[in-house]
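Report on one structure; see the data block that follows.
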Amino acid sequence: MTVVLKGLILQIINAVMKIYLFDSIEDLGEDFVKQCVTFFPHWRTEQMMAYKHHSNRVRNAVAYLLLVKALKDIGVMSGMPEFDYNEHGKPFLKNYPDWYFNISHCKTAVVCVLSRKIVGIDVEDIGKFREQLAKYSFNDDELKMIYEENNPADMFYKLWTQKEAVFKCLGMGITHDIKNVLVNNDVNVISFRHGNIWISLAER
């Protein structure tokens with residue numbers, strides 16, 4: 001079974017890393033989920049259908065399909081990907097141990113990265129500036145960067161996705177020193193904006 005995702009965008013970072021972005025969530029109806037049920041592994045179908053709302057089922061399905069496409073595109077696909085999880089709940093590929101992946105979604109988009117290196121990725125719609133969260137989550141230098149912007153929300157979401165991506169790359173939840181996580185680590189971070197969303201990728 002083949003599902004075509006119209007609106008799929010591929011960003012090649014380097015020879016061993018690809019990012020897939022899908023930003024047409026609203027175009028996928030009930031038939032899309034029904035199609036996925038016909039060929040998804042049982043465990044992934046259960047995960048998808050555990051969501052109450054259709055939009056969350058779609059995001060879950062799209063994320064898995066992006067990973068499948070990535071594995072096919074690099075020529076290593078030999079079976080549907082199976083997940084296992086570390087102690088913090090970060091998934092890894094049980095049947096493709098030489099490859100690392102990460103997935104993220106927001107209201108309007110889903111992203112997936114596949115790499116030879118350990119990675120984390122985050123995507124966020126640019127919304128309102130959340131000042132109280134900023135004061136709790138960002139250090140003085142980062143707050144200065146935010147307040148110097150004509151549109152503080154833009155820098156806020158750029159930095160927020162960077163922090164999320166680093167935490168995911170490190171394989172932990174947001175339990176570490178969130179204010180200084182972009183400083184006190186050996187992780188490389190890049191960010192790019194697509195329309196009204198920020199995407200950040202962390203690798204090590």
Can you pull out the residues in the range 21-55 that are closer than 26 Å to Leu201 by Cα, part of a helix (DSSP H, G or I) and not charged (D, E, K, R)?
-> Ile25, Gln47, Met48, Ser55
Can you work out which of the residues in the range 77-106 that are under 22 Å from Ser55 (Cα atoms) and at pLDDT 95 or above is surrounded by the most Cβ atoms within 10 Å (Cβ to Cβ)?
-> Asn102
Are there any pairs with C-beta distances below 9 angstrom linking a residue in the range 33-47 that is assigned by TED's automatic domain parsing to the domain that holds Leu66 and exposed (fewer than 14 other Cβ atoms within 10 Å of the Cβ) to a residue that is outside any helix (DSSP H, G or I) and of a type in the set (A, V, I, L, M), with the two at least 6 apart or on different chains, and if so which?
-> Thr38/Met1; Phe39/Met1; Phe39/Val3; Phe39/Met80
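Please report, ordered by residue number, the helices (runs of 4 or more DSSP H) entirely within the range 116-204 with at least 2 residues that are in contact with a strand residue (DSSP E or B) (Cβ under 6 Å, 6 or more places away or on another chain).
In the range 116-204, 152-170 are the helices (runs of 4 or more DSSP H) which contain 2 or more residues that are in contact with a strand residue (DSSP E or B) (Cβ under 6 Å, 6 or more places away or on another chain).
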In the range 20-36, which residue that is closer than 17 Å to Asp125 by Cβ and among the aliphatic types (A, V, I, L, M) is nearest to the chain's Cα centre (by Cα)?
-> Leu21
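Could you list, in sequence order, the residues of the range 137-176 that are surrounded by fewer than 18 Cβ atoms within 10 Å (Cβ to Cβ) and over 21 Å from the mean Cα position of the chain (by Cα)? Show your work before the answer.
Here is the first cut: in the range 137-176, the ones surrounded by fewer than 18 Cβ atoms within 10 Å (Cβ to Cβ) are 139-141, 144-145, 147-151, 153-154, 171-176.
Scanning the range 137-176 gives Asn139, Asp140, Asp141, Lys144, Met145, Tyr147, Glu148, Glu149, Asn150, Asn151.
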Could you please find all residues in the range 153-180 being more than 22 Å from Leu93 (Cα to Cα) and among the acidic types (Asp, Glu)?
-> Asp154, Asp177
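The values are calculated or read from the model by the stated rules, or taken from the named source; none is laboratory data. Just so it is clear, the model here is predicted, and its values are computed rather than measured. Heads up, the Cβs are rebuilt from the backbone with ideal geometry, glycines too, and the neighbour counts pull from every protein chain shown.
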